Each structure stands twice: as structure tokens, then as C-alpha cells.
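Please treat every number below as a calculation from the coordinates, not as lab data. Remember, it's a predicted structure, so these values are computed and weren't measured experimentally. Quick reminder, even Gly has a Cβ in these numbers, built from the backbone with ideal geometry, and neighbours come from all protein chains shown.
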Amino acid sequence: MESCNCIEPQWPADELLMKYQYISDFFIALAYFSIPLELIYFVKKSAVFPYRWVLVQFGAFIVLCGATHLINLWTFTMHSRTVAIVMTTAKVLTAVVSCATALMLVHIIPDLLSVKTRELFLKNKAAELDREMGLIRTQEETGRHVRMLTHEIRSTLDRHTILKTTLVELGRTLALEECALWMPTRTGLELQLSYTLRQQNPVGYTVPIHLPVINQVFSSNRAVKISPNCPVARIRPLAGKYIPGEVVAVRVPLLHLSNFQINDWPELSTKRYALMVLMLPSDSARQWHVHELELVEVVADQVAVALSHAAILEESMRARDLLIEQNVALDLARREAETAIRARNDFLAVMNHEMRTPMHAIIALSSLLQETELTPEQRLMVETILKSSNLLATLINDVLDLSRLEDGSLQLDIGTFNLHSVFKEVLNLIKPVASVKKLSVTLNLAQDLPVYAVGDEKRLMQTMLNVVGNAVKFSKEGSISIIAFVAKSESLRDSRAPDFFPMPSDNHFYLRVQVKDSGSGINPQEIPKLFTKFSQSQSSATRNSGGSGLGLAICKRFVNLMEGHIWLESDGLAKGCTATFIVKLGIPERSNESKLPFTPKVPANHGQTNFSGLKVLVMDDNGVSRMVTKGLLEHLGCDVSTVSSSEECLHVVSHEHQVVFLDVCMPGIDGFELAVTIREKFAKRHEKPLIVALTGNTDKVTKENCMRVGINGVIQKPISVDKMRSILSELLEHRVLYEAL
């Protein structure tokens, strides 16, 4: 026990341990004092930390702990070696941890501050989003109300319903105490109370339109808060004491306000705006919100649009009603015109038939009388009768043609014909008349003029006969020249006819005919009038020449139908006249030229002159016409039988009859069916008689019906001896004869 060989641990000396404790206390105190400073910095920089008092308490605790360790520097005492070692170890560890914590806070506090800043930013954003969502919800609610209100006011196009519905729906949506609409008066100087929600004030109350408050509202497109005591806001009767609610007013544009009257509201407003006034409930603290004002503004615009639509509808309905009235009037006028035209046409058709029957008797008997032995004086009388009768027959034809031209019922009979033959035939018809007046007539056809053409042969010939006939009629001496050629494209346009637009092409050409005479001439000022019906030149020479004044009027209409143009030129009285017309004709295909149908004309003297032994049957319900036709045929040597009814005709007709003349336009008798029955009665072709229709009608339908039932010829009354002679000659030679109607 006196001696021990154990190894003693090598602990520091007591003085060194004391130094370690002394240094540790110093660093602990330093760390404790720095931590509160850092916390103070953090609290100042962090504006969102909620428990600042806790940090203050914690800082005070740390400062006190640091002060304790700092005091230990002066109150330090020696302890036992074991206690000294433990205390030294604990203090060293405390110093290390305290300093590490202080240093760590230096780096952590900025991060903590940035976290708090982001948190604040997010909170602010969240608050802003909440506000925006609230605004969106408000807008959606406003939009829903606007859509509902718009649907209500758009469900009708009646102005009064639109305005009344607007007030009702606004009052319900915004829980208004009163809502009113002021409209401008007739003079535009006042606003009139036209509609109210509760109808507590009588409609018709007026206020001056130039009040400052009204000008303020009218000058803004936004809803404007106005004083509850201003004139337009006094829409609630004063009863008892109450605090009036807030009032706003908004302008309503008035678009197209014609014929929109409310009580004494004007037919045409002179002011652009109406005024809508809205009042919140009285005795309440409620105020107008922004979204409510926006709703009011939108509704005001929607009302303006609805009113404009209603105005347009009213205008269109008014225009429609006016158009319906005009259409009814036009339809009535059209029916009356059609009735008048039908009556005129029926009258003309009847008069045509009835006038041609006695004309047939006059011309036929006069022509028969002309072929008897007469004294010169008697022959002159007979020739005068024939001339006057032919003039009357021509006048009848002209009146009928003009009537059909004016009502549009006359249509061109288009076909292929020999153009050169038409000119030669016109020359043959005119020459005998011209020779009596010792006038020379020349015809010059250009070498390039086609032989065949496509068009209405009859109307072309009628036009040329009228034009050339006028030249002969108004010429006492001299010559008449007829020139025909194909008009060149550069010479087609004429300043005298601005509406004439010729269109040259490969399948048609424009025929230009020029008739020049040395006659009495025309006053240039009278030329435009000559193409008007019943118009004649006022010169004595012209008046003495006679005429109905229809020839040129008919020619102009025929030429227009043939897509052409006609005009006259004259240097004055006694200086002659030149008549020129251009018509459009087609060019036939070469393969069709050899297949042209035979359409014989009726020349003045042709073929045989005696028809002895030719058995002819005449059926006509008119005794005079029947007797006259029989006389013509017997004069030519025919053996004639006459009947007056279809039954008698079927009973008498036999295979011995070579020709049957039928009046196909007898009242109560269908002459076409009779013709069919006669043809069916004879089975063999050589036994069937030639059937010729005698008619006073000039319409195209008669000719078409005759061709349809197989009638061999159509002859128009009146008929002279020469015409009957030519008819029989052509008919017996070609077994077909369709005189142009």
C-alpha cells in the first residue's frame, strides 16, 4: 500500500482549467449578447411576425444569461479538481454551441426575412385575387341581370312594352322604390314624365329640358347621382317625413323616333335623349354600388338598341303596309287594265269579224261589177268603191296590229324565207300604183345581201310596203329608190337612237333598207311626231294624200320587235324624204336552205282563169257572205253548192266536191272539228276534198289550229275576184295555201 504502480491520467493543471473556463465564459457572454441584437434586427425587418413580445422576453433571458457568465469572470473561485474539470468541459461546450448559434443566426435571419416577404407577397396576392374574384362575381351577377333584362325587353318589339318592362325589371332587380322615364315633348323644350314604376305621379308632368341637372346627365354617358330634391327626381309624392334614398339618372339615346307617340309625345322627336331616373328605398342607409351603376348604364344602352330595333320594325311594317296597299292598288289597276285590254281585244276581234263580213260583200261584189260592161263614169265609181274598201280593210288591219303590238300579244312568226323574193314582190305590188302617178321605182340589192334569211317575212314585208307606200303616196312626180344592203358594224350605232344597241354575231346580220323619194318632204320639226299613232304631217300636201296616221307607228313597233331602228330624214317641204330602217335577221344553215317549205304567195294574176266544172261546197252561216262567195266562184265557172250549218255540210259533202270553203269562226260551231270529220268521212286520199278556211280573224292561233287539223288553206276575208282566182289556181296546183295572217 505504500507504493502504487497505476498510471495517472494526464489532466491539465488547475491554472489551465481556470483559463479555459475564463475564456469560455467570455465567449458565452459574447454569444449571448449578440443573439438579442440579431433578434432585434429580425423583429425590425420582419413586419409580419405575430409574436414580437415573445422575442422580447427571449432576448431578455439571453441577455441575463450572458450577464451571469460575464459576472462569473470576476466571481470565479477554485473548486475541487473533479468539479473544475466538469465545469470546464461544460463551459467549453456551451461556448462552442453559443458561438455556433450566433454565427448561424447571421446566415439564417436573411433567409427567414425573405420567407416572410414572400409570405406577405402571397397574402397580398391572395387578397387581390379575392377582390378580383369578388369583382368577377359581381360582373357575372350584373351580366346575368342584364341578360335577363335584355331577354325581357328583346322578347317584344313594341316600344311601350319595352319601356314598361325595363322599369319593372330594373325595379325588381335593384329593389328600387321608384323608377321613371322622361321623354322629350313635341317642341323639344321640355321633358315629359311618360312612365313610372309605381305610378304614384300622373303621367304627363313636364319639366324644362335645359335644367343644369338634365344637361349634366345628357353630357355624360355614365349614370350620374343627382339630388333627390331636383325636379326630375320628385317622382314620389311628399307624404310625411322621410329621408329620401339616393337617386341616379342616366340618358337613353332615342333612335328613329318617327311615329312613336306616348300621350302627346311627338311624331318626330327633336331631342336625342330620354332620361331614366332611379331611386333607392327611402329611410335606408343603402347606397349605389359601382356594379349597380354599371348595370344601369348597360341597360340604358340595351334599351336604346331595343328601341332602334322597334323603330326599324315599325318603319318596315309601315313600309310593308304601304307596299301592300300599293300592291293591292296596282293589282286592282292591273286587273282593270287586263279587263279593259280583254274587253278591247274582244271588241276588236268581234268588230274585225263583223266588219270583214260586210267588207267581203262590198269588195267581192264591186270586183264582180268591175268585170261587167260599164260606162266610164260607172267604172270610175266602182273603182272608187274598191279603193275606199281596200283602204278601210287596210285600216282595220292596222288597228288590229297596233292593238296587239301595244298589249304585247303579237309575236313574230320566225321562219326561213327568200329575202330577195320579198323585195321583188314589194316592187311588183308598188309598181302598178306608182305607174298611175308616173313615178319610177328602182330596186338596188347589194351583192353581199343573203338570198335567204331567218325572221318574220310577213312583218318585214308589211314594214317595207308601209314605208314604200308612203313614198308613193306623198310623191306627185319624180322617182323612188329602194336600196337594201347588210349594215356594217361601224354604221349601226346612230345618235338618234341612244337605246339601240346592236350586237353583231356570226349567226345573224343587220339588214339596212333605205327608201328615198322626191316627194313633198317633211318639216324637220314634225319628224319625231310621225311615229306616234294617229299623227300626220300638217302640210297641205300631206293632208290631201289621206291616211290614218298608223303606218309609221306600226312600222316602228315592228322594227323594234325585230331588234332594229327606224328614222326619217328630210331637208324640208318639197325637198323629198328618206326613210331608213335596220332590222336584225338570222342566217339560215346551208343544209336547211334546200328544205325550205313552199309558201306560195297570192299574185295579182296567176295560172288559169277559168275553173269550169270545179265542184265547190261553201259553208257559211251568214247569208250575205255565203251568197257573195258563191257569186265569186260562179263567176270563175265553178259549180257551187252552199250550206249554212255543220250538219247540213256533212250531209251534202261528197267525193265529187273538190274544194270545200268553211267559215271556221262561226258562233256555236267548231269549224275545226267539222274539218276533221269531213277528212275522216273519206278514207281514200284522192276522194278527200281540199278544205279551205275562210276567216275574218287575224290571230296566229287560227292559222295554227287549221294546220293542226289538216286544213289545206287559210284565206282571210275580204276576197275580190282576182284574189279568188289566184287562190283556186295556187290551191289546185300545190294543194296547200296558207295566206299570211
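Summary of computed values
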| read-out | value |
| --- | --- |
| Packing-based order for 362-368, 729-735, 317-323, using average beta carbon neighbours within 10 Å, highest first | 362-368, 729-735, 317-323 |
| Residues residue 624 and residue 682, FRET efficiency given R0 of 41 Å [Cβ-Cβ distance, rounded to 0.05] | 0.85 |
| Difference of contour (0.36 nm per residue) and Cα-Cα distance, residue 451 to residue 634 | 61.8 nm |
| Cα gyration tensor shape of the stretch 615-740, rounded if a/c is under 1.5, else prolate or oblate by comparing a/b with b/c | rounded |
| Dimensionless Rg/Rh of the stretch 267-422 - Kirkwood Rh, Rg from C-alpha atoms | 1.58 |
| Distance (nanometres) between label positions extended 7 Å along Cα→Cβ at residue 189 and residue 289 | 4.5 |
| Trypsin sites (Lys or Arg not before Pro) lying in DSSP loop within the stretch 422-463, provided at most 15 other Cβ fall within 10 Å | 437, 438 |
| Extension gain from residue 444 to residue 120, taking 0.36 nm per residue of separation minus the Cα-Cα distance | 105.2 nm |
| Contour excess over end-to-end distance, with Cα ends at residue 323 and residue 574 and 0.36 nm allotted per residue | 84.8 nm |
| Spin-label model distance (nm) - residue 387 vs residue 735, 7 Å beyond Cα toward Cβ | 4.4 |
| FRET E, pair residue 428, residue 505, Förster distance 30 Å, beta-carbon r, rounded to 0.05 | 0.35 |
| Unsatisfied cross-links (Cα-Cα over 24 Å) in the set 437/556; 488/516; 387/431 | 437/556 |
| Label-point gap, in nm, between residue 350 and residue 589 - each point 7 angstrom along Cα→Cβ | 4.8 |
| FRET efficiency, residue 161 to residue 341 (Cβ-Cβ, R0 51 Å, nearest 0.05) | 0.55 |
| Loop GluC sites (Glu not before Pro), the stretch 416-484, which have at most 12 other Cβ atoms in a 10 Å radius of their Cβ (DSSP) | 477 |
